[in-house]
Amino acid sequence: MIMERICLLLYFFSLPFFILAQQPEPVPSEIVKVAVYRQGAQVVRSAQAALQEGVQTLRLGPLPYQLDENSIQLKVPEGALLIALSQQVDYLNEGEADSLAAGLKQAQLALQDSIRWLKQQQQVYEAEKEMLARNQELGGNNGLSVEELKRGAELYRSRLMDIAAQTERLQLRGREFKLALVRLSRQLLELNAQTEALPERMAIAVVQAPKPMQARLELSYVIPDAGWEPFYNLRAHSTEAPLMLDYRAHVYQRSGEDWEKVALTLSTGNPNISNAKPELPPYRLTFNNYYAPPPQPAISGATRQLSGLVLDAEANEPLIGASIVLAGTNQGAVTGIDGRFQMEVPVGTARLEVQYIGYESQEVQVSGSNVTITMQGATALLDEIVVTGMRSKSSRKQAPAKPKAMPVAIEKHSTSTTFDIELPYSIPSDNKPYDVQLAQHEVPAVYHLAAVPKRSQYAYLVAGLPDWEQYNLLSGQANLFFKGGYQGKVPLDLSQTGDTLTVSLGRDEGILIKRALAESKSSVPFLGNTRTVEKHWEITVRNTNDYSVELEIEDQYPLAQQDEIKVVQLGHSGAVHNEQTGQLTWRLPLAPRSQETVSLKYAVRYPKKMRLLVD
């Protein structure tokens, strides 16, 4: 009977190795091209394989675990035939933590032991403090002289002060250990993201060759954990010179494999959104109905913020330095000294793997924005518990220095624009943004000063960029520089449809503006039901510069939204009036150190029984 069990165990132990032995060796490949979309990326690998005459099976990989299974494609050379292409997940490849990770785990255990020991010491002092209080109550003052009472009080006071001092020292030391445990746990989480392995995904190809040949294979697939965001540097050296527009991108990825010196292409397209034309259902009218627009398809890659708390199930106390990892990724967080954590998770239901040395690992499903996780003490040996992450197969290298000018080929398609970076580029799998230059343009600009005194007391230098569509821009943040000085950030909003793109370049401190209420009155006729409110505003502008400027000032008349409200325009001192929006525009030439004043007046009439705030 014992021999049968031993043979059975040997069979099961040898089964994985037997299965692996039946599979062909993976064909080595390297990443040569990557097309990065606004969300997602298509990765192209190149491989050389010696094909034999007839039908054979090839294994290519390892590939990222998080890839779109439907996107895997394989190109074979002319003459060869691709019969079938599938993919396989290898759950037996788990890897081992390196010596550094093992050392960090030992330090983590030591800190946890120290924190527990400090807590026990505090409990001892608290027990002694309670014992002293009980003894004082039991003993009372029976038969004691004044001198004995004095000595007893001094003894109690001295011991209680010593207990308080020792307790405070232990609390401070405990806080230091807890902070150290949090830092060490975060370091261990980051290290495990580089040294541990998720199950490996392999591409399995069945290929037929008419004769023996050396074949160049091209394998491509789409990953979700990558993307790019546009940003700009806008430089104006003077109001007489063109605007220098530096078009750049922040590229990021966390696929689990580094992109080393690849041909990089950035595309404005997005393979994760639906490309199907929407259908228009019949619009049927009934009483008490309302129009509900059909739901829009969700975009893959959208994330949300998750907050959580990890507690000991028995003591109901926070666990410090617990590891929370989003299942199937290397994205994670570590609890702080209060047991709380925050992390980004995909929209919808997220699957979390929660681990803490000395406790049983948990896997939880989370759909809300807050979660409380309780963990049970483990019966397994502490040194057998490993925090898992993702292995990066290639050696991790620092990204190359940012080039001063990156040669880029720009191509416009019917639904997107692509930027082909003509120099090799490297993007590590660390989810950090890497700066890539796309284009530099010298843009003709028309500059003017503009102010909205109702909203701000400053005048702003504004650049108008005509024919901006030719530059293939996208909405994004822009860094502003004027005469070599940094002016801050401004959103570049391309939702406007005009021929001229307006960009605010910052304040002109030499223009002083004041908007003041010159007169305000309210009246109600003795026998009437209508209240009339009159407002008279004055805008005073002073040019303290030693040169002339032209300033555009914007203000407005109020617009009535109900029939009971009437607005009467009483004067606007020569401003251009837009009847549709109520906007007033003045264009004032200002000589050096000169001052001008404009004004607007209006009256608002409405039922006196109604409350209306008139500014």
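Among the residues here, Val222 qualifies as within 29 Å of the chain's Cα centre (by Cα), at pLDDT 90 or above and of a type outside the set (S, T, N, Q). Looking at Ser367, Ser361, just one residue is within 15 Å of Gly332 (Cβ to Cβ) and at pLDDT below 85, and that residue is Ser361. The single condition among (1) assigned to a strand (DSSP E or B); (2) of a type in the set (A, V, I, L, M); (3) surrounded by fewer than 12 Cβ atoms within 10 Å (Cβ to Cβ); (4) over 47 Å from the mean Cα position of the chain (by Cα) that Leu517 does not meet is (4).
Can you find even one residue in segment 331-342 that is at pLDDT 85 or above, out of contact with any helix residue (DSSP H, G or I) (no Cβ under 9 Å at 6 or more places or on another chain) and aromatic (Phe, Trp, Tyr)? Checked against the condition, which is being at pLDDT 85 or above, out of contact with any helix residue (DSSP H, G or I) (no Cβ under 9 Å at 6 or more places or on another chain) and aromatic (Phe, Trp, Tyr), segment 331-342 yields at least one hit. Any chance segment 68-88 includes a residue that's in a strand (DSSP E or B), touching a Pro at 6+ places or on another chain (Cβ under 7 Å) and modelled with pLDDT of 65 or more? Scanning segment 68-88 turns up no residue that is in a strand (DSSP E or B), touching a Pro at 6+ places or on another chain (Cβ under 7 Å) and modelled with pLDDT of 65 or more. Condition check for Pro424 on (1) surrounded by 19 or more Cβ atoms within 10 Å (Cβ to Cβ); (2) at pLDDT 85 or above; (3) not basic (Lys, Arg): one failure, at (1).
Looking across segment 158-189, the residues that are modelled with pLDDT of 75 or more and of a type in the set (Lys, Arg) come down to Arg159, Arg169, Arg173, Arg175, Lys178, Arg183. Going residue by residue through segment 470-485, is there one that turns out to be assigned to a strand (DSSP E or B) and of a type in the set (Lys, Arg)? No, segment 470-485 has no match at all.
Scanning segment 237-259 for residues that are of a type in the set (Asp, Glu) and buried (at least 17 other Cβ atoms within 10 Å of the Cβ), we see that the one that is nearest to Asp420 (Cα to Cα) is Asp246. Taking segment 457-482 as the range and being crowded, with 19+ Cβ neighbours inside 10 Å, farther than 17 Å from Lys412 by Cα and within 25 Å of the chain's Cα centre (by Cα) as the test, the residues that pass are Ala478, Leu480. Restricting the first member to segment 579-601 and to residues that are part of a loop (DSSP other than H, G, I, E, B), and the second to residues that are surrounded by fewer than 18 Cβ atoms within 10 Å (Cβ to Cβ) and of a type in the set (A, V, I, L, M), the beta-carbon pairs closer than 7 Å and six or more apart or on different chains are Gly582/Leu559.
None of Gly498, Gly528 is in the same structural domain as Val567 (by TED's automatic domain parsing) and assigned to a loop (DSSP other than H, G, I, E, B) except Gly528.
Name the residue, out of Leu559, Leu612, Leu600, Leu590, that is of a type outside the set (Phe, Trp, Tyr) and outside the structural domain of Gly528 (by TED's automatic domain parsing). Criteria check complete, one pass: Leu612.
Scanning segment 427-437 for residues being buried (at least 19 other Cβ atoms within 10 Å of the Cβ) and under 15 Å from Asp225 (Cβ atoms) gives a total of 4.
Here Val549 meets the list (1) outside the structural domain of Pro589 (by TED's automatic domain parsing); (2) of a type in the set (A, V, I, L, M); (3) buried (at least 17 other Cβ atoms within 10 Å of the Cβ) almost entirely, failing just condition (1). Filtering segment 555-575 to residues that are part of a loop (DSSP other than H, G, I, E, B) and more than 21 Å from Val452 (Cβ to Cβ) leaves Ala560, Gln561, Gln562, Asp563, Glu564, Ile565. When we screen Gln123, Gln108 for residues that are assigned to a helix (DSSP H, G or I), closer than 30 Å to Ile320 by Cβ and at pLDDT 80 or above, the only hit is Gln123.
The values are calculated or read from the model by the stated rules, or taken from the named source; none is laboratory data. All values reported here derive from a predicted model rather than from experimental measurement. Neighbour counts are summed over all protein chains in view; Cβ atoms, including those assigned to glycine, are modelled from backbone coordinates with ideal geometry.
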